[in-house]
Every structure is written in structure tokens, then in C-alpha cells.
Amino acid sequence: MSDTHHEDVQSHVKTYIKVFVALAVGTLVTVLASNIHLGIVLGIIVALVIATVKGSLVAGFFMHLSAERKIIYWVLVLTAVFVVVMMGLIMFTRQDQQGRQQGIFAVPQGHVPAHPAE
Amino acid sequence: MSTAIEIPYNSTERPDTGLYNAKLGVWLFLASEVMLFGALFSTYVLLRTGADTWENGAQIGLSIPLATINTLVLIISSVTMVMSWASLKTKNFGKYKSYMGVTILCGVIFLVIKGFEYAHKFENGIWPSTSTFMAIYFTMTGLHGLHVIGGMIVNTYLWGPGAKMWQTDPERFTNRIEVAGLYWHFVDLVWIFLFPTLYLLPGK
């Protein structure tokens, strides 16, 4: 949004008001949806989908990401990759832990470890 | 003889990035902030999936009405923040002062409400050590609160003494408001995810 002119700003102000109304409605909808017994999985999905829509509105219009320079998109893509890797590593750790608890990755009985610490 | 070194590209765009330097700088900073809060959200997921039971925020006394009001307060502050920048773009300094003043006031209201919430917990003997849920609740909302305070310090400076730059270098001052706004919107964005995660998600 670097080449902003006076007329552009005036039209943007109208958009900001519309986004504000959408965010306020989204907030009320997410609170109302939490009072409906949707179950754990569906309840989490609904809450996070509404939050993602609201977050996209803030990023897209208030932070001007809907019309930004390429280099910022690349910075954010790189950040998103690192976040996914970080979350993925944590989820793999969790699955590994569950696997050990369920005996999937358990060491067979009678197995002599190569290293005492194993 | 003294020679003043002018910092380049603080109001004009660099030919290679197409951005003034502060804007690229604040986006790189926000990228690191995404990793910081991403790590905490990952921690929440790990703690929740690893626990046999997990509380629902309302069931253990978190106030959904207060948190909803706080969400709306931060959304209003985001609108007034972007309107303060738009006011400078249309050369209306008076409007800028008003909108920025409301933004700072919203920050104060948010913190006061959060303070009431914390005080209520402490009065009832609820501390970070009470449960895993409360530990992650205080960690995430506490860190977010520190970010709100940081943003308010910057915004108050730009509303008060820092606003003198409007007289000497209006374009650079407008850019300062834009990058301060990017940070403030990010703080709002984090709360948009914190609110359902801590207050609304069903327990197990």
C-alpha cells in the first residue's frame, strides 16, 4: 500500500468500517457457537475457522496484506513454513509418546541393548 | 565541522524491495513474533493432547462476557489505529490525534479489564501453579498483555512528543504510524486466536 493517494484513502476508510462490522459480528457468532454442543472436534473446528476468517480480515485490510509488495509475501511464506515444521515436530513427538505408551514402539522383551543407556 | 549522516529510505522506497526500510523491518520483527506465539500455541496443543482431562474456560471460572468485551475493545482499537494513519494520509493532523487517543484509551480499557480478571483469579486462590490449563492461560495472556503495554508505550510517544515530527517530516511520521499500526494489528490478531483457544474451546 505504498502508492496511496487521497481518493484511495477515502475508499479504504469505508472498507475499514465494513471490516469492523464483520469482525464484531464474527466475535458474537463465535461466542454463540460455543454455547451450542457441537462435540469436541466440531467445536474446535468451528471456533478456529471463525478465528481464521477474522484474522484474515485484520491481516488483509488493516495490515494491507491484500495489496502488498512481493518481498513481504515471501517473508510470510517462509514464516508459515517454519511454523508448520515447528507444529509438525511437536505433533510427531506426541504421536511417538502415544506409540510408546501403547507398546507400538516398545523394545522387545529379552532384547539386550547395545548401549547401557538404551 | 560536523557532518550529519542521513538515514536513507525512511520515507522513500528502496528500489530493490519497493518498501521504506522500517516497513520491511517491522514485518521481519512480526515474523519472529509469529514464531514466538506459534511456539506457545504449539505448547498448548501438546499439553492439551497429552492430558487425560482438559478444562473448558467457562467451567473453571473464566469470564466469557469480559473476554468478549475485551475482544471488541481490541477490534475497535485496530479500526481507530488504521483510521489515525488514514487521517495523516489525508493531511488531517487533528483527526489523527483523536483516533490515536482513542486507540491508546482502548489499550487502557483492555488492560483494566484483564487486570480485573487476574485479580478475580488470585482472590479465589487460582494461580499459574493451580493447573496445567491455568499455567498456559497465564503464560499466553500475560505475554499478550506485555505486548499490549509495549504497543501503548510506542503509541503514546507517537501521540505526544513524537508527533512533533509531523511539522518537520510529515511523510516519515506517517510511515511511523503505519509500522506502529502493523504491530498493533498483530497484537489484535493474536488475541483473536487466544480468545477462542482459552475461553471457548470445549474441554475433554
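The values are calculated or read from the model by the stated rules, or taken from the named source; none is laboratory data. Quick caveat, the model's predicted, so the values are computed rather than measured. Ideal geometry is used to build each Cβ from the backbone, glycine not excepted, and the neighbour counts take in all protein chains shown.
Structure values in brief
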{"read-out": "Criterion: touching a Leu at 6+ places or on another chain (Cβ under 9 Å) and more than 10 Å from chain A (Cβ to nearest Cβ) - qualifying residue of B:Ser98, B:Ser63, B:Ser77", "value": "B:Ser77"}
{"read-out": "Residue among B:Gly151, B:Gly142 that alone is out of contact with any helix residue (DSSP H, G or I) (no Cβ under 7 Å at 6 or more places or on another chain), farther than 20 Å from B:Pro65 by Cβ and modelled with pLDDT of 95 or more", "value": "B:Gly142"}
{"read-out": "Pick from the range A:37-53, criterion touching a Leu at 6+ places or on another chain (Cβ under 8 Å) and of a type in the set (A, V, I, L, M), ranking: nearest to the other protein chains (Cβ to nearest Cβ)", "value": "A:Ala47"}
{"read-out": "Filter result (surrounded by fewer than 17 Cβ atoms within 10 Å (Cβ to Cβ) and either of a type in the set (D, E, K, R) or assigned to a helix (DSSP H, G or I) (or both)) within the range A:33-47", "value": "A:Ile40, A:Val41, A:Leu42, A:Ile45"}
{"read-out": "Subset tally (residues that are buried (at least 17 other Cβ atoms within 10 Å of the Cβ), more than 8 Å from chain A (Cβ to nearest Cβ) and free of Cβ contacts under 8 Å to residues at least 40 places away in the same chain) for the range B:1-46", "value": "1"}
{"read-out": "Every residue from the range B:60-98 that is farther than 27 Å from A:Thr30 by Cβ and assigned to a helix (DSSP H, G or I)", "value": "B:Ser84, B:Trp85, B:Ala86, B:Ser87, B:Leu88, B:Lys89, B:Phe93, B:Gly94, B:Lys95, B:Tyr96, B:Lys97, B:Ser98"}
{"read-out": "Extreme residue, surrounded by the fewest Cβ atoms within 10 Å (Cβ to Cβ), among residues of the range A:67-100 that are hydroxyl-bearing (Ser, Thr, Tyr) and closer than 15 Å to B:Trp27 by Cβ", "value": "A:Tyr73"}
{"read-out": "Selected residue (criterion: surrounded by the fewest Cβ atoms within 10 Å (Cβ to Cβ)) from residues of the range B:157-204 that are outside any helix (DSSP H, G or I) and at the interface with another protein chain (Cβ under 10 Å from one of its Cβ atoms)", "value": "B:Lys204"}
{"read-out": "Residue among B:Pro65, B:Pro15, B:Pro8 that alone is at pLDDT 85 or above and over 25 Å from B:Leu200 (Cβ atoms)", "value": "B:Pro15"}
{"read-out": "Among (1) under 19 Å from the mean Cα position of the chain (by Cα); (2) under 20 Å from B:Phe29 (Cα atoms) - the single one A:Gly26 does not satisfy", "value": "(2)"}
